[in-house]
Structure formats: C-alpha cells, structure tokens
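Report on the structure given below.
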Amino acid sequence: MSFPGVAAYSATKFALEGFSEALAQEVAPLGVKVLIVEPGAFRTNLMFSSTASAEIAGYEETVGAFLTMSDKATGNEPGDPAKATAAVLSALGADAPPLRLPLGDMGVDRVLGHLDSVRTEVLAWQKVTRATAFGD
C-alpha cells in the first residue's frame, strides 16, 4: 500500500515486491528462500532526513499532512529495530518461512487493511471485469 508523500519510495518498494514474488518462484527449486519484509514504523531515523516538501498548491492536505505526521512521529515510532531483526532472523531460520513478513502492529494492520480494501473493490467490480472475454 502507499500513502501521499511517499510515491517514489512506494514505487521502488512495489517494484521490489513484484521482483521478489517472481524470484521466489524461480529459485524455489534450488532451495533458496525469499523474504519480503514489510515493517510498520520503527525507530530507524528513516524519516529524520526527509527533504520532501508540500509547497505545491493543493498538496497541503495530502503530502503536507503526511510530512507533518512524519515530523511528529520521528523518534516516537513504536517499533523496536532489535525486535524486528529478531523476527526477520526467526523467519529466515524457519523450515517454511513466509514470503511476506509484516512487522509491528502498524505493519500487520496496514497490510490486512489493504488486502481487505483490494478484495472489496475487486468484488464490487467483478461483474464488469469478468465480462471481458470474446463472446461476453
């Protein structure tokens, strides 16, 4: 999922996710596992050096709101990087590791919420989207 203010960041993450999904299938016969880590907010200083700006008219309510929230959250993120590292190592050491590993309450809640949202939208449009074959 993505949020206003992080479009370029999200685009790179989406690209890596698609790459990782295909890679996981390609290397599975070789016994190689792939793990996509999807963390919520962790105290890593990721947002500390943000240089993004909401100075473009019309972006105050979207990008500006995200930047304000990020500024206030920096240093107060609930996620402990040491515990995240332990969770990643645990997944990597598992006999059947997951392909995706959301971390923290925020990570899990946002992934599940996004999945629910996508499912709802697809189901609402399925009559139209399924009727796209020749002869329909």
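Readers should treat all values here as calculations from the given coordinates under stated rules, not as data from a laboratory. What you are looking at is a predicted structure, and each value in this text was computed from that prediction instead of being measured. For neighbour counting, all protein chains shown are included, and Cβ atoms are generated from backbone atoms with ideal geometry for every residue, glycine included.
Sort 98-110, 13-25, 122-134 by the packing proxy (mean of other Cβ within 10 Å over each peptide's residues), most packed first.
Details: 98-110: 16.4, 13-25: 12.7, 122-134: 8.4.
Top of the packing list down: 98-110, 13-25, 122-134.
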| Summed side-chain charge close to residue 3 - residues other than residue 3 whose Cβ falls under 12 Å, Lys, Arg +1, Asp, Glu -1 | +2
| field | Surrounding net charge for residue 115, when Lys and Arg each add one and Asp and Glu each subtract one, Cβ distance under 13 Å | value | -1
